[in-house]
Amino acid sequence: MNPVSHVPQALEAEQFLAALVESSRYAISGLTTEGRVVSWNAGAERLYGYKAAEMLGHTPAVLYPPSRAEEGPVLLARVCSGETVQDLLTERLRKDGRLVAMSVTVSPVFDPDGTVVGISAISRDVSPYVEVVEELNRAQRSAAEALSLLETIQQKAPVGFGFVDREFRFVRMNEMLAIVNGSSIHEQVGRTVAEVNPKVWPQVEAIYRRVIENGESFLDTEISDEVASEPGVLHHWLTSHYPVRVADEIIGVGVVMVDITERKTAERAQKALTRAAIEAIAATSEARDPYTAGHQSRVAALASFIAAALGLDSDTIEGVDLAARIHDVGKIAVPAEILTKATQLSPPEWELIKTHSRVGADIIRGIEFPWPIVTMIEQHHERLDGSGYPDGLRDGEICLGARIIAVADVVEAMASHRPYRPAKGVQAALNEIGSGSGRLYDSAVAEACLRLFREGHHSLDEYA
């Protein structure tokens with residue numbers, strides 16, 4: 001159908017154009033080259049508060065706040081010279097005295113000879129967007145403070161953390177690692193591992209070189225040595241060495257060290273190291289998103305309860321717990337402004353959020369956990385009917401741990417506040433699990449979850 005056929009024949013082109021301008025929700029005005037208003041649409045009346053009769057024949061000087069008094073003449077000169085000023089972020093005064101953030105586009109109007117004969121100005125209120133940006137900036141400052149706090153906590157952690165560059169020189173380390181090496185942080189940073197700990201270096205040199213040259217990760221390697229504080233006493237440490245990459249380039253070696261002397265068996269030490277590393281990863285990812293801080297730990301707590309209610313053994317329960325604690329680690333690749341956005345996410349933003357399960361799995365894919373943690377992280381948004389992501393898996397293709405985390409994740413997410421919506425409440429979350437049982441969620445897992453809340457075995461306080 002020809003859209004022009006809907007325009008009344010009696011309506012001339014100029015009248016139609018005037019009607020379009022008048023119906024626009026943006027403020028559209030026309031000015032002479034001397035800067036006097038010759039047209040002022042309804043959008044301009046709504047935005048600025050001045051009626052057309054009040055503005056026609058006058059300059060728009062009343063719209064400029066004192067701090068921007070010189071902006072009008074400058075814009076006039078630029079546009080009269082033939083330049084278009086596009087999407088200028090500025091401020092204007094309404095008739096009621098309120099200052100409004102604006103995006104203004106000012107363009108020259110040419111006659112057939114190319115002479116500037118007038119000016120077109122289109123303005124829109126961007127105050128809501130400015131407020132969102134300010135809120136994002138506040139959220140980013142909060143995230144930076146949280147990261148600073150995390151670094152302070154790690155400095156005091158009972159686990160040694162360090163970073164060694166490609167020349168095997170210590171670049172960073174926490175106090176625990178410095179104590180293991182027998183001197184202060186200041187005395188060790190900038191020196192090679194061989195210089196700091198000549199007795200240990202022969203035990204780990206091949207590992208460091210393979211990490212740098214081949215990008216291999218070495219987890220839970222046991223090394224032994226004396227420490228300066230206890231000469232003659234042999235200590236044992238469980239260490240992990242992994243490549244640290246920036247833009248696919250290996251820039252050094254990450255070191256995690258746990259002292260296992262007289263404290264635990266090698267198996268228990270392995271689990272302690274794994275949990276310490278996972279907690280550090282979880283804390284790092286949650287520090288970027290202050291609105292959902294604690295989400296992963298709450299999901300882990302509920303997932304562990306569900307796993308226990310299903311009668312799973314303690315080792316399997318621990319694997320589910322650890323996977324749940326970092327199930328959203330992939331959000332570290334999502335821009336902070338999206339994670340902390342205070343309004344509904346757009347479809348492209350949701351698509352970016354949905355990459356986090358795959359990204360999270362990729363981040364830890366090279367780590368040899370004693371549980372299928374990578375699989376659980378990658379599949380925790382899959383659904384039995386194939387409607388989930390990232391692979392649209394169905395029923396038996398989804399591992400049990402992922403099915404458990406999926407239910408716990410939905411309950412916690414719906415029951416808790418998000419930047420773009422208030423909490424929906426525990427009952428709404430349980431209704432969702434019940435209605436989706438057998439279709440979206442594993443029926444045994446869903447029933448175990450509902451039973452926990454129904455019988456009072458899981459506290460509702462943390463979701464209040």
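The values are calculated or read from the model by the stated rules, or taken from the named source; none is laboratory data. Remember, predicted model here, so these are calculated numbers, not experimental data. Note: ideal-geometry Cβ built from the backbone for every residue, glycine included; neighbour counts use all protein chains shown.
Things to note:
- Checklist (1) crowded, with 17+ Cβ neighbours inside 10 Å; (2) among the small types (Gly, Ala, Ser); (3) under 30 Å from residue 218 (Cα atoms) applied to residue 366, failing item: (1)
- Checking the stated criteria, residue 89 turns out not to satisfy the condition of being at pLDDT below 95 and closer than 18 Å to residue 29 by Cβ.
- The number of residues in the stretch 211-258 being out of contact with any Leu (no Cβ under 7 Å at 6 or more places or on another chain), in a strand (DSSP E or B), surrounded by 13 or more Cβ atoms within 10 Å (Cβ to Cβ) and of a type in the set (D, E, K, R) comes to 1.
- Test: residue 1 is assigned to a strand (DSSP E or B) and at pLDDT below 90: no
- Subset of the stretch 419-458 (residues that are of a type in the set (Lys, Arg), outside any helix (DSSP H, G or I) and farther than 30 Å from residue 140 by Cβ): 439
- One residue stands out in the stretch 266-301 among those that are out of contact with any Pro (no Cβ under 8 Å at 6 or more places or on another chain) and basic (Lys, Arg): the one that is modelled with the lowest pLDDT, namely 268.
- Checking residue 103 against (1) crowded, with 16+ Cβ neighbours inside 10 Å; (2) under 30 Å from the mean Cα position of the chain (by Cα); (3) modelled with pLDDT of 80 or more; (4) under 30 Å from residue 275 (Cα atoms), the condition it does not meet: (4)
Residues are listed down the side, and each one gets a yes or a no for (1) polar (S, T, N, Q); (2) at pLDDT below 85; (3) under 30 Å from residue 87 (Cβ atoms); (4) part of a strand (DSSP E or B):
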site: 142; (1), (2), (3), (4): yes, yes, yes, no
site: 152; (1), (2), (3), (4): yes, yes, no, no
site: 183; (1), (2), (3), (4): yes, yes, no, no
site: 186; (1), (2), (3), (4): no, no, no, no
site: 190; (1), (2), (3), (4): no, no, no, no
site: 207; (1), (2), (3), (4): no, no, no, no
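- Taking the stretch 381-398 as the range and being touching an Asp or Glu at 6+ places or on another chain (Cβ under 9 Å) and assigned to a loop (DSSP other than H, G, I, E, B) as the test, the residues that pass are 381, 382, 384, 386, 388, 389, 390, 391, 392, 393, 398.
- Taken together, the residues in the stretch 45-65 that are within 43 Å of the chain's Cα centre (by Cα) and more than 20 Å from residue 125 (Cα to Cα) amount to 0.
- Those residues of the stretch 333-363 which are of a type in the set (Val, Ile, Thr) and more than 13 Å from the chain's Cα centre (by Cα), in sequence order: 343, 363
- Residue among 452, 400 that is in contact with a helix residue (DSSP H, G or I) (Cβ under 7 Å, 6 or more places away or on another chain) and crowded, with 16+ Cβ neighbours inside 10 Å: 452
- Members of the stretch 37-51 that are surrounded by 15 or more Cβ atoms within 10 Å (Cβ to Cβ) and either β-branched (Val, Ile, Thr) or in contact with a helix residue (DSSP H, G or I) (Cβ under 9 Å, 6 or more places away or on another chain) (or both): 37, 39, 40, 41, 42, 43, 44, 45, 48, 50
- Restricted to the stretch 409-418, and to residues there that are in a helix (DSSP H, G or I) and touching a His at 6+ places or on another chain (Cβ under 9 Å), the residue that is surrounded by the fewest Cβ atoms within 10 Å (Cβ to Cβ) is 413.
- Near pairs, Cβ below 7 angstrom, 6+ apart or cross-chain, from the stretch 203-215 (in contact (Cβ under 8 Å) with a residue 12 or more places away in the chain) to any residue that is of a type in the set (Lys, Arg): 212/166
- Qualifying positions in the stretch 89-141 - among the polar types (S, T, N, Q) and touching an Asp or Glu at 6+ places or on another chain (Cβ under 7 Å): 90, 103, 105
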